[in-house]
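So the structure is just underneath, and the comments pick up after that.
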């Protein structure tokens, strides 16, 4: 026999898919829904969590649960700028950027190969379509390399990538590590996803032609609508003999 949370989730899902509850509609409060279905608040929240993980419901802190717009799938393109993503509606994607200064600590010390408490510049970048977030990236640049003028505020993806590429040293080598994990509470809140939904986490380190690390980035994409694409050009035997 199906559990109460499955019954509730099935009922709400049917109403959403048949249009009885429309896109962008705000669902009744959790207390009202719990009373309507005659269940406890934790049971009701478990039902909503199932719909959130399916991408049908979005919980916005302080506002409630909404039937969300279908989000475009995005593809992270390996080897490019850490925010280089592609979707079927690329022109609609924009980046909100916030720049700040901080001191190197923890993982950043080893990623950037700098002493602890070295000055860094952090760019917090939220890639979004309208109000719907698609990915979150934190980009770190050693203090001595940080440009004097940093991009800040909303920008289109192409404009942002061009601005930063013109300001920092060119990348000669890029290393990327990809893993799947649960989101942190902060990531779940910013990306408006269920804490039970896996995210695609990409750690990227870029070095210049001397081998000096000039950039590190931590990228997080919701696992229900993101792919990663890596293209390799193997060296042919003929080219190998020429070396």
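Values computed for the structure shown
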{"item": "The stretch 1-42 - Kirkwood radius from inverse mean 1/r over Cα pairs (Å)", "result": "11.1 Å"}
{"item": "Packing-based exposure ordering (other Cβ within 10 Å, fewest first) of 35, 135", "result": "35, 135"}
{"item": "Ranked 59, 113, 22, criterion: other C-beta atoms within 10 Å, fewest first", "result": "22, 113, 59"}
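The numbers here are math on the coordinates, done by the rules we state, and not lab data. From a predicted model like this one, the values you see are computed outputs, not experimental measurements. Cβ sites come from the backbone with ideal geometry, for glycine too, and all protein chains shown count toward neighbours.
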